[in-house]
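K.L.:
Have a look at this one.
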Amino acid sequence: MEQRLIIQKPIITEKSTMLKEESNRYVFRVDHRANKRQIRKAVEDVFNVRVKKVTTTIYRGKPKTVMNKAGRFTGKGANWKKAYVTLAEGDSIDVFDVV
């Protein structure tokens, strides 16, 4: 799997901003098939930093109900994975400082 495809986008919320400031942890939405080793290597290569620790959580898709002309359809949203990446002391990622 190509490393730029593993990291889909940064997640910028109040909680992730607090984690960044307090413990140098960054939050990314990543490909649900990627494991911790692949996420670590992708972050290190793409952002040129040293990763200390990676923690992941999997979010299951929420149930959805859609109404249209043909009737009522039920389904669910896509499953996705979130990665909490702790960087080594002194490293940071500039993407979060821009937003």
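Bear in mind these aren't lab numbers, they're just calculated from the coordinates by the rules spelled out. These numbers were taken from a predicted model, which means no experiment stands behind them. Positions of Cβ are generated from backbone atoms using ideal geometry, with glycine treated the same way; all protein chains shown enter the neighbour counts.
K.L.:
Quick one: in region 3-15, which of the residues that are in contact (Cβ under 8 Å) with a residue 60 or more places away in the chain and not in a strand (DSSP E or B) is surrounded by the most Cβ atoms within 10 Å (Cβ to Cβ)?
P.N.:
Among those that are in contact (Cβ under 8 Å) with a residue 60 or more places away in the chain and not in a strand (DSSP E or B), it is Ile11.
K.L.:
Let me ask you something else. What are the residues in region 17-37 that are assigned to a helix (DSSP H, G or I) and crowded, with 18+ Cβ neighbours inside 10 Å, if any?
P.N.:
Selection gives Lys20 alone.
K.L.:
Which of (1) surrounded by 10 or more Cβ atoms within 10 Å (Cβ to Cβ); (2) assigned to a strand (DSSP E or B); (3) hydroxyl-bearing (Ser, Thr, Tyr) is the odd one out, the single condition Thr65 does not satisfy?
P.N.:
(1)
K.L.:
Ser92 - would you say it is out of contact with any Lys or Arg (no Cβ under 9 Å at 6 or more places or on another chain) and in contact (Cβ under 8 Å) with a residue 12 or more places away in the chain?
P.N.:
no
K.L.:
Scan region 68-99 for residues that are hydrophobic (A, V, I, L, M, F, W, C), within 26 Å of Asp45 (Cα to Cα) and in a loop (DSSP other than H, G, I, E, B) and jot them down.
P.N.:
Result: Ala88, Ile93, Val99.
K.L.:
From the list Val49, Val85, exactly one residue is surrounded by 10 or more Cβ atoms within 10 Å (Cβ to Cβ), hydrophobic (A, V, I, L, M, F, W, C) and more than 16 Å from the chain's Cα centre (by Cα). Which is it? Walk me through it before giving the result.
P.N.:
Details: Val85 fails: more than 16 Å from the chain's Cα centre (by Cα).
Of Val49, Val85, the one residue that is surrounded by 10 or more Cβ atoms within 10 Å (Cβ to Cβ), hydrophobic (A, V, I, L, M, F, W, C) and more than 16 Å from the chain's Cα centre (by Cα) is Val49.
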